[in-house]
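Structure, as structure tokens:
FYI, it's all coordinate maths here, none of it is from the lab. Model, not experiment: these values are computed from the prediction. Reconstructed Cβ throughout: ideal geometry from the backbone, glycine too, with neighbour counts over all protein chains shown.
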Amino acid sequence: MTEDSWIDVGAVADLKFGPGAPVRVGDHWLALFRHDGKLVAIDNACPHANAPLCDGRVERGKVICFLHCWEFDLRTGACDLGAGWSVRTYAVREAAGRALVLWPGPKT
Ligand code: FES
């Protein structure tokens with residue numbers, strides 16, 4: 001991919017939220033969540049020790065990693081321990097019952 005692209009990650013009805021839904025773009029796993037009625041996407045791998053954030057607990061707009069309880073804002077990806085530990089966020093939209101993630105192309 002040479003520029004930002006909307007990637008179809010599946011039918012919204014088929015997403016398995018628990019509480020996040022893991023989806024794959026190429027070899028990269030994302031976690032989709034319902035937040036304030038909208039879909040949001042963050043990197044699925046916790047930057048601490050790679051636990052899947054889709055299996056964390058959601059409270060106050062944050063996902064809390066189930067392994068060591070680091071917290072990540074679902075809108076911004078910010079980690080409560082500092083910017084160096086933040087996860088990436090991705091724009092998501094729904095169209096015709098499908099979830100589409102804006103996948104960033106390489107920056108020049
Ligand atoms: S693996 Fe997520 S906080 Fe340790």
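Residue-wise HN-Hα couplings along the range 23-39, as the Karplus relation 6.51 cos²θ - 1.76 cosθ + 1.60 with θ = phi - 60° gives them from phi, are 9, 10, 10, x, 9, 10, 9, 10, 10, 9, 10, 8, 9, 6, x, 10, 7 Hz; Gly and Pro carry x. I want to make sure I understand the PRE zone here: with the label point 7 angstrom from the Cα of residue 102 toward its beta carbon, which residues in the range 2-30 have backbone N atoms less than 11 Å away? Under cut-off, by backbone N: 4-6. Taken as Cα centroids, the range 4-61 and the range 86-100 sit 9 Å apart, rounded to the nearest whole angstrom. Less than 5 angstrom separates the built amide H of residue 56 from those of 20, 66, all sequence-distant by 5 or more or on a different chain. Measuring nothing but how far apart in sequence close Cα pairs (under 8 Å, 6+ apart) lie, relative to its length, the chain scores a relative contact order of 31 percent.
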